[in-house]
Amino acid sequence: DDKTTSQDIKKIFNEGRFLFQESYNFFIPYMVTFCKSLTDKQIKEISLKFEKRIDKWESSLKKSKNIDPVKTAVTSYYQLSRFLGVKLTKTQKKELKRLYSSTEDLRTDSIEIQKVWNRQLISILQSRNKGTFNSEIKIHFYSLLNTEQNNERENVYYEMVALTITSLNEKQKNKFLRRINTIINSLDKIIKSQRYTKVDELEYVAHHGQ
């Protein structure tokens, strides 16, 4: 509503991050077991995949050097808003651009951080027969969750979302709510479809198992 603040948005994002962490923690043991079973050839393939991905990111960054990063980021935000059924006004766009302009471009730093993480992972995988492998790779996987967040950038994003919500006019609110309901209904249908599929499979197994 029109009383939504950046702190409200931050709370929602933190709750979503907590749910993601819970799911991530559940899969860690399976990821460790899988990694321990990798062959030297597979590890080399993973390393090459990492290198190609980094090369792609660096190439994309190089091509965008002459493009205003603020304009690129804000345009992406506009597109997300359109996906959610909200066509932003000129005033809203101007305010969003003003907010985002205060952030620092950290794309190069992010790529360098990813490079280091990738190299460390490959090194750990290559030593998968060591007695300390399980603990080392768990710590490395958990480091993805413990990476220090850029609080300034996050806080600006929370402000942008709060600004968008509080500045919606009635027409924008109605379109937003219709779009959200459509998305929720679509997800609900997919979930129900999956449930029915599982029930059919169980009935099939039960019938043919008798």
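Observations on the structure shown:
- Annotation note: Cβ proximity below 6 Å between a residue of the stretch 79-108 that is touching a residue at least 60 places away in the same chain (Cβ under 8 Å) and in a helix (DSSP H, G or I) and a residue that is open to solvent by 70 Å² or more (accessible area, probe 1.4 Å) and not β-branched (Val, Ile, Thr) (sequence gap 6+ or interchain) occurs for Leu99/Glu159.
- Selection count where residues are surrounded by fewer than 11 Cβ atoms within 10 Å (Cβ to Cβ) and assigned to a loop (DSSP other than H, G, I, E, B), scope the stretch 49-78: 3
- The C-beta contact set for the stretch 112-131 (first residue under 13 Å from Leu144 (Cβ atoms), second residue open to solvent by 90 Å² or more (accessible area, probe 1.4 Å), distance under 9 angstrom, 6+ apart or interchain) comprises Gln114/Arg53; Gln114/Trp57; Asn118/Glu51; Asn118/Arg53.
- Among the candidates Lys138, Lys90, residue that is farther than 30 Å from Thr33 by Cβ and charged (D, E, K, R): Lys90
- The residue of the stretch 1-37 that is most open to solvent (accessible area, probe 1.4 Å), among those that are over 12 Å from Ala162 (Cα atoms) and β-branched (Val, Ile, Thr), is Thr33.
- Verdict on Ser110 being modelled with pLDDT under 90, more than 22 Å from the chain's Cα centre (by Cα), closer than 24 Å to Tyr78 by Cα and not aliphatic (A, V, I, L, M): no
- Some residue of the stretch 136-148 being closer than 30 Å to Thr89 by Cβ and either in a loop (DSSP other than H, G, I, E, B) or touching a strand residue (DSSP E or B) at 6+ places or on another chain (Cβ under 9 Å) (or both): no
- Of all the listed residues (Leu177, Leu168, Leu163), the sole one being at pLDDT 70 or above, within 26 Å of the chain's Cα centre (by Cα), under 30 Å from Gln7 (Cβ atoms) and in a loop (DSSP other than H, G, I, E, B) is Leu168.
- Per-region count, the stretch 11-57, residues more than 27 Å from Glu112 (Cβ to Cβ) and basic (Lys, Arg): 3
- Any hit, the stretch 130-143, residues being open to solvent by 90 Å² or more (accessible area, probe 1.4 Å) and at pLDDT below 90: no
- Set Glu95, Glu148, Glu154: member being open to solvent by 90 Å² or more (accessible area, probe 1.4 Å) and at pLDDT below 90: Glu148
The values are calculated or read from the model by the stated rules, or taken from the named source; none is laboratory data. Everything numeric in this text was worked out from a predicted model, so none of it was measured. Heads up, the Cβs are rebuilt from the backbone with ideal geometry, glycines too, and the neighbour counts pull from every protein chain shown. What goes into the accessible areas is simple: the full protein's heavy atoms, side chains included, and nothing from ligands, DNA or RNA. Shrake-Rupley method; radii C 1.70, N 1.55, O 1.52, S 1.80 Å.
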